[in-house]
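Structure first, commentary second.
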Amino acid sequence: MAQDQNLTLSPERQALRARAQVRLIRPEEEGFGIRRVPEGVYGYSSAASSDEIPLFAKPIYGAFEVHKLAGGEVAWIGYVTEADYRRFEEGGEPFTMELYPEPWGEATKLVSVPASRVDRRKPQARENGMPMRVEVAPRIEKMDLALQA
């Protein structure tokens with residue numbers, strides 16, 4: 001658990017939270033599904049692929065950090081490979097990637113995956129870094145350009 005807490009306090013994660021303008025979920029908000037918590041919060045969930053996504057303040061092994069952004073959009077925070085990170089950032093075409101709750105193997109690039117880019121997410125694996133398979137949609141502006149072509 002100490003390793004999980006150190007990871008969650010990393011400058012990279014703190015900067016990501018600052019950009020997203022989210023605060024840690026409060027004790028009285030814990031355990032509720034993502035739809036019932038206020039906007040502008042983050043927490044940890046070991047049920048990140050479910051529709052409810054209950055949030056808690058303390059990370060446990062294999063739990064994803066999840067943000068509920070201003071406006072209500074949900075974003076999953078995790079680690080991907082350099083190749084998947086480039087494809088995600090480019091946003092030109094749909095693809096499937098493995099999103100890990102913590103760095104695992106070559107998956108060392110921290111990324112925030114907003115729900116608007118998620119076509120589907122599969123239940124989290126319980127081995128080999130505990131990834132969640134995410135089917136990623138192209139960026140909206142890239143889809144608009146493809147329709148115009």
The chain: calculated mean residue ellipticity at 222 nm from DSSP helix runs of at least 4, using -39500 (n - 2.57): -6500 deg cm²/dmol
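For E93 and R23 in the same chain, what is the full-extension length gain: residue separation times 0.36 nm, less their Cα-Cα distance, in nm?
Numbers: separation 70, 0.36 × 70 = 25.20 nm, distance 3.23 nm.
Working it through step by step, the gained length comes to 22.0 nm.
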Within region 25-50, list the residues whose amide N lies under 20 Å from a label point set 7 Å along Cα→Cβ of A125. 45-50
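Using packing as a proxy for protection, rank 58-64, 24-30 so that the peptide with the highest average count of other Cβ atoms within 10 Å comes first. Mind showing how you got there, number by number?
Numbers: 58-64: 17.7, 24-30: 13.7.
Taking the mean over residues of other Cβ atoms within 10 Å, the ranking is 58-64, 24-30.
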The simple spin-label model distance between Q14 and E73, using points 7 Å out along Cα→Cβ, in nm, is 2.6
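Got the relative contact order for the chain handy, in percent, Cα pairs under 8 Å and 6 or more residues apart? All intermediate terms of the calculation are to be shown ahead of the outcome.
Working: 290 pairs, mean separation 27.8, N = 149.
Averaging sequence separation for qualifying contacts and normalising by length gives 19 percent for the chain.
Throughout, read-outs are computed from the coordinates displayed, never taken from laboratory work. A quick note: this is a predicted structure, and the numbers were derived from the prediction, not measured. For neighbour counting, all protein chains shown are included, and Cβ atoms are generated from backbone atoms with ideal geometry for every residue, glycine included.
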